[in-house]
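Asker: Have a look at the structure that comes next, please.
The values are calculated or read from the model by the stated rules, or taken from the named source; none is laboratory data. This is a predicted model, so every value here is computed, not measured. Cβ placement follows ideal geometry from the backbone for every residue including glycine, while neighbour counts extend to all protein chains displayed.
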Amino acid sequence: MRRAHQLHLGWVLMLTVSGCAGYRGGWESAAYIGTMQAAPSAAAERAPASRERRPLTLPGLELEVSLDNRLRTYDVQVYLYVLPLSIDPRSVYANNSEPGKTRVYITVTPSTPDFVFRPELASLTVADQRFEGIAGFEFNRWDRDGRRVGEGGTWDHRPVGTEFALSEAGRKYHLSIDFATPDPSPESSDIAIDLSRALTSPHYPAVPLIRFMPVRWKEGYS
């Protein structure tokens, strides 16, 4: 009896020490400018590499653009070195901000203080359908009066209205735009966003059309 009790405790300790780990993956959309042949190979893309893609470098600014349509198609959890725990084969849009809408996240680093963000002039194309921007936001830390603060406050997406001046050169502005359409499939190669009228400066050419290509992602966790 005592030996059985010791064996039981040994298994409990082994499970506790080994812990729970696993891996998950699926599809996401990667932004590029130009032709798809010039973009990174879809077969070669993997997270975390997908999260470390270089910004899109354009005259006067750098852009990082992503959709909230990252699709998880599998999720496997295991007790490390011991037993399988669970396998979840469901397809889930884990990052969707609001059902029925698509949010495009745009991190902008302007080199001059004269760029202006007009989210309602942006358009999202999915196959042969075109959607106009319905609202724009800035993600930052805010106090109770809605002012940006360096410490304290609350991190949140706040509306920017119809026009928002990017008046600090070299600063990263974490912006986003909502479109009234459900998340497009990340396995589609017919997705594009036009920011040519939504992100402008009197001293630089218009932002070219930004397209999205499907890439696979995979990551482990513990």
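Asker: In the stretch 147-162, how many are of a type in the set (Gly, Ala, Ser) and surrounded by 10 or more Cβ atoms within 10 Å (Cβ to Cβ)?
Answerer: The number of residues fulfilling the criteria is 2.
Asker: State yes or no: is residue 97 under 22 Å from the mean Cα position of the chain (by Cα), at pLDDT 95 or above and not in a strand (DSSP E or B)?
Answerer: In short, no.
Asker: Would you please name the residue that is surrounded by the most Cβ atoms within 10 Å (Cβ to Cβ), looking only at residues in the stretch 163-222 that are among the basic types (Lys, Arg) and over 18 Å from the mean Cα position of the chain (by Cα)?
Answerer: In this case the residue turns out to be 197.
Asker: Say we look at the stretch 114-140 and pick out the residues that are surrounded by fewer than 19 Cβ atoms within 10 Å (Cβ to Cβ) and β-branched (Val, Ile, Thr); which of these is nearest to residue 31 (Cα to Cα)?
Answerer: Only one residue tops the list, namely 125.
Asker: Residue under question is residue 86, and the condition is that it be at pLDDT 95 or above, under 30 Å from residue 25 (Cβ atoms) and part of a strand (DSSP E or B); does it hold?
Answerer: no
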